[in-house]
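Working notes, beginning with the structure itself.
The values are calculated or read from the model by the stated rules, or taken from the named source; none is laboratory data. Keep in mind the model is a prediction, meaning the values are calculated, not measured. Quick reminder, even Gly has a Cβ in these numbers, built from the backbone with ideal geometry, and neighbours come from all protein chains shown.
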Amino acid sequence: MIKSEIRSLIKNELPKLDKSNKYHPRFIDAAIEKVLNGMYNDVFKRNPLELQRFTKQYGYTTALPVLYEDSTGLYYVTHPAAIVPFPDKASGIRRISTMIQGGMTFYPIDAREADLVRSGSSVASVTAKIGYVVTRSRSEFYKMTGTIRAAGVRMDVIVPFSVYADTEVVLIPEVSDEQGETFVDKVLKILGVIREVDQKDNNADEIRKQNG
């Protein structure tokens, strides 16, 4: 479903008379984003590898440039967009690769491991892999090569709803909820809207029918 369709799906469930205009499109988008971020994290808890399906790809047509910082001696790439954080080393940067992926691959590391690499630890000489540390706005590389620096990299990123253009496809995770709440239910709850029982698509209207 494209982004604009998801927004319309929510708007169609809102009260038709909204004189206070409290359901501003930005407010709706913020609620959608909050729910999606939570669902992405639910996917992570189930199986981090499944997050790859929900990534947005950057650098596949024109490579992302690898930059050098004189003051620190670090090579890095600026994140092409905001990321959704996750409690592992890769965070929202789920994959980094060269334009033509070969034997040289990237793997996420934490700051302590990066210090070991820079300190001359044996790990720096026993592997051909390039480590990357994810920060808020960039990913920093350790053991970067001149060839890859010149060629640039590509990235698969979990980005928030606000990053997508209205015409782009946004995949909604299939995450089961113990309370039986759908994606729409979760968004409407944040917006302060309670759906009528018979509006839900889970065929769970037995109580209303019995009391009617």
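Structure above, values below:
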quantity: Subset tally (residues that are of a type in the set (D, E, K, R) and in contact with a Pro (Cβ under 8 Å, 6 or more places away or on another chain)) for region 25-49; calculated: 2
quantity: Some residue of region 96-117 being at pLDDT 75 or above, assigned to a strand (DSSP E or B) and more than 19 Å from ILE83 (Cβ to Cβ); calculated: yes
quantity: Residues satisfying the stated conditions in region 162-193, i.e. more than 19 Å from THR55 (Cβ to Cβ), surrounded by fewer than 19 Cβ atoms within 10 Å (Cβ to Cβ) and free of Cβ contacts under 8 Å to residues at least 40 places away in the same chain; calculated: SER176, ASP177, GLU178, GLN179, GLY180, GLU181, THR182, LYS189, GLY192
quantity: Selected residue [among the basic types (Lys, Arg) and more than 21 Å from ARG94 (Cα to Cα)] from ARG46, ARG26, ARG53; calculated: ARG26
quantity: Qualifying residue in region 6-26 (condition: modelled with pLDDT of 95 or more, among the hydroxyl-bearing types (Ser, Thr, Tyr) and out of contact with any His (no Cβ under 7 Å at 6 or more places or on another chain)); calculated: no
quantity: For ILE32: the one exception among (1) closer than 14 Å to ILE158 by Cα; (2) buried (at least 19 other Cβ atoms within 10 Å of the Cβ); calculated: (1)
quantity: Region 143-161: number of residues that are under 17 Å from GLN57 (Cα atoms) and loosely packed, with under 14 Cβ neighbours inside 10 Å; calculated: 0
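Residue by residue, here is whether (1) buried (at least 16 other Cβ atoms within 10 Å of the Cβ); (2) within 28 Å of TYR142 (Cβ to Cβ) holds:
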residue: TYR40; (1), (2): yes, yes
residue: VAL43; (1), (2): yes, no
residue: PRO48; (1), (2): no, yes
residue: THR62; (1), (2): no, yes
residue: ASP70; (1), (2): no, yes
residue: ASP88; (1), (2): no, yes
